[in-house]
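Below is one structure; the comments refer to it alone.
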Amino acid sequence: MNIHEALDWRYAVREFSPEKLDGQTVETLVDAARKSASSYGLQPYKILIVESKSIRKDLLPYSYGQQKVLDCSHLIIFAAQTDIGDHTVDRYVTQFEKTRSVPAAEISGYVTHMKEALASKSQAEKQAWAHQQAYIALGTLLTAAASMRIDSCPMTGFDQNAYDEVLGLAELGLESSAIVALGYRSARDRSSGLPKVRFDYDDLVIAM
C-alpha cells in the first residue's frame, strides 16, 4: 500500500471494535512518533500510552461524550512540557554527545543560538511552541498508523485541565496537547465507507 492509498484508507474512526492491539504494534507506532521532526530536535513533549480502562473511565466525563476514549484499544496522549529553557537545550546536547560520540564543543555555536532563540520567547510563546511540536509528532503517528492499517481518531475536544488533573500531569511538568484513540474500526461504523472529503489540490495548493 503506497502513501496515498494509506491516507485515503484512514479516517477519524467514530466507533471502535473490541479487538485489542498487541503491545508490539503500539510500541512500533509510538516509536514512529518518537522519530518525528521537531524544532531544533528538542522534542519538548512526552507521549503517554493509556491502556488502563480504569484511567480511561476517569477521563471519559471530560471527553465531551466521545465514547471512543473508553472503547478504543489504546489512548495516546501528547503532552507538552511546561518548563522550557536552557535545560531543554542541555538535555538535547547530552543526547547529541551520546548518539554521535562527538563533544558538544563541536556545536557550541548552535547551542548558543538555540538557547537565545528560546530565551527570546515569552512564557506563553514557549508553551505555544511546545504544543506545536507535539502536533507535528501527532501527525507522524497518524500517518504511521495508516501505513500499518491501524485505525485512529485524533481529538482536541476534551477538557485539557481536567485531563491534566486526572493524569497528574502538572507534577510531571506537562500539560495535555491532543489525544489519539487507536484500535480497529467497528463493522458498525458507517463512516468507514464514505468518500474522504478534502479540498482539491488546486484549491489548496498555491505554486509560486
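The values are calculated or read from the model by the stated rules, or taken from the named source; none is laboratory data. Everything quoted here is computed from the prediction, not taken from an experiment. Because the Cβ atoms are built from the backbone with ideal geometry, glycine has one as well, and the counts that use them run over all protein chains shown. Heavy atoms of the whole protein, side chains included, go into the accessibility calculation; ligands, DNA and RNA do not. Shrake-Rupley method; radii C 1.70, N 1.55, O 1.52, S 1.80 Å.
Among residues other than residue 189 whose Cβ falls under 14 Å from its Cβ, what is the net charge (Lys/Arg +1, Asp/Glu -1)?
With Lys, Arg at +1 and Asp, Glu at -1, the net is +2.
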Legend entry - Förster-model FRET efficiency, 41 Å R0, residue 19 and residue 170, C-beta, rounded to 0.05: 0.75
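Counting Lys and Arg as +1 and Asp and Glu as -1, each charge on the Cβ, what is the dipole of the chain about the Cα centre in debye, to the nearest 20?
Details: 22 positive and 27 negative charges, 81 e Å.
Dipole size: approximately 400 debye.
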Inset, instruction - Quantify, in whole percent, the carbon and sulfur part of the accessible surface of region 48-158 (1.4 Å probe; protein heavy atoms only). - result: 53 percent
Legend entry - For region 49-208, accessible area per residue (1.4 Å probe, heavy atoms of protein chains only), Å²: 57 Å²
Inset, instruction - Grab the DSSP H runs of the chain that are 4 residues or longer, score each as -39,500 (n - 2.57), total them, divide by all residues and round the 222 nm result to the nearest 500 deg cm²/dmol. - result: -13500 deg cm²/dmol
Inset, instruction - Quick one: plug the Kirkwood hydrodynamic radius of region 65-104 (C-alpha pairs) into Stokes-Einstein at 4 °C, 1.567 mPa s, and report D in µm²/s. - result: 96 µm²/s
Legend entry - region 76-208 - Kirkwood radius from inverse mean 1/r over Cα pairs (Å): 18.2 Å
Legend entry - Label-point separation in nm, residue 188 to residue 105, each point 7 Å along Cα→Cβ: 6.7 nm
